[in-house]
Amino acid sequence: MRILITGGAGYIGSHTAFVLLEKGHDVTVFDNFATSTRISLDRVERLAGRTVSCIEGDLRDRPAVAAAVHEAKPAAVVHFAGLKSVGESTARPLLYVANNVSGTVNLLDAMDAAGVRRFIFSSSATVYGAAGEGPCAEEDPLAVTNPYGRTKLMVEEILRDLAASDARWGIAVLRYFNPVGAHESGSLGEAPQGTPSNLVPLVGQVAAGTRAHVDVYGGDYPTRDGTGVRDYIHVMDLAAGHLAALERVLGLSGVGTWNLGTGRGHSVLEIIRTYAKVSRREIPYRVVGRRDGDVATSRADVAKARRELGWRARRGLLEMIEDHWRWQSLNPSGYRS
Ligand code: WQD
């Protein structure tokens, strides 16, 4: 089947494109390359030994979106394209609504007009807000704490209304926890522009010597060692989760919502220690104040995805860091040659 992947040149999008190609699907990518580069698609093609069709365009451009869906005539759409910085969303909320909400509505309208109604949406654990100690389950109450998270929740609500209005839609909402790592070849990976806001790419730069130290945001959380605990999931496990969701959504009427995490939590200091062990490099850090909007612990209840998608994450923290370090070492400047 042909699958249209919006944001397919990005970190999770490119890994998912690879997994879909490997499964025998055909892939068309729609991307504005605002936060990604076409080089990642060249790497995907080389790794998979197959070509990727690519349409450059912006979700805010309704005619361009309609033309892309009409041209690709996909069996399903996997929607990654969007902005994802919590900090930037607080400074520029309208930019986030335009890209993440209006852009998605444009895409859904184009799909409806083309009779394409199988949709997989990239949501985020951030919709659970401060979940407390326990794992987050899909039916838990949602409480967003920043404009980025609000755009994810807004789109989730729009999707539920859409499916309720027209039973022909089959929609998967996938709530990612913390995606990290890279394809084991070291040829695909996360290439943040400027200073990374996420922990693992930042620690990788300290290990590589391109950054002096890590600021640990808070050492007084109610956790094992006082630092923030997150459910880190290998990006290849995440990509496999999309394949499982695609197979489920083809026969689905309505909306299914699934967590994509491991169910295990690791602290900031555990990440730093593991990275130092894997890279055999010193990783200097200093504990500073908490970052606004951060929660102490975020961890997934993974039972529903296992039961209904037949999927679970298989890679542990060591493999996540080993694969990230290989990517970091082979691509110190990301995809920039
Ligand atoms: C992880 C832990 C920080 C940087 C965000 C988004 C979420 C999703 C994933 C898009 C936390 C600590 C971090 C640093 C630190 N993105 N940290 N020093 O905030 O859990 O999730 O990215 O979907 O929506 O909210 O990820 O990697 O920024 O932070 O101590 O320099 O590392 O406090 O405990 P986060 P993160």
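Numbers at a glance
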item	result
Sequence-distant residues sharing a close amide H with PHE30 (under 5 Å, placed H)	ILE5, THR6, GLY7, GLY8, ILE55
Relative packing of peptides 284-293, 239-248 - highest average C-beta neighbours within 10 Å first	239-248, 284-293
Sorted peptide list for 264-273, 215-224, criterion being average Cβ within 10 angstrom, highest first	264-273, 215-224
Portion, in percent, of the accessible area of the chain that falls on carbon or sulfur, probe 1.4 Å	50
Relative contact order (%) - criterion: Cα under 8 Å, at least six apart; region: the chain	20
Amide N proximity, the stretch 1-28 versus LEU330 label position 7 Å along Cα-to-Cβ, cut-off under 20 Å	9-23
Net charge, CYS54 excluded, C-beta distance under 9 Å - Lys, Arg +1, Asp, Glu -1	-1
The stretch 64-77 - phi-based ³J(HN,Hα) in whole Hz, Karplus 6.51/-1.76/1.60, Gly and Pro as x	5, 5, 4, 5, 5, 5, 5, 6, 6, 6, x, 6, 7, 10
Aspartates and glutamates whose Cα lies under 15 Å from that of LYS304, excluding same-chain neighbours fewer than 8 positions away	GLU138, GLU139, ASP140
Tensor-based shape of the chain (alpha-carbon gyration tensor, a/c under 1.5 rounded, otherwise prolate or oblate)	prolate
For the chain, accessible area per residue (1.4 Å probe, heavy atoms of protein chains only), Å²	42
Mean ellipticity per residue at 222 nm, deg cm²/dmol - from DSSP H runs of n ≥ 4 across the chain, formula -39500 (n - 2.57)	-12000 deg cm²/dmol
For THR262, distant residues with modelled amide H under 5 Å away	ALA300
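The values are calculated or read from the model by the stated rules, or taken from the named source; none is laboratory data. For clarity, every value in this text was computed on a predicted model and none was experimentally measured. Cβ: placed from backbone, ideal geometry, glycine included. Neighbour counts: every protein chain shown. For the accessible areas, the whole protein counts, side chains as well, though only heavy atoms, and no ligand, DNA or RNA atoms are used. Shrake-Rupley method; radii C 1.70, N 1.55, O 1.52, S 1.80 Å.
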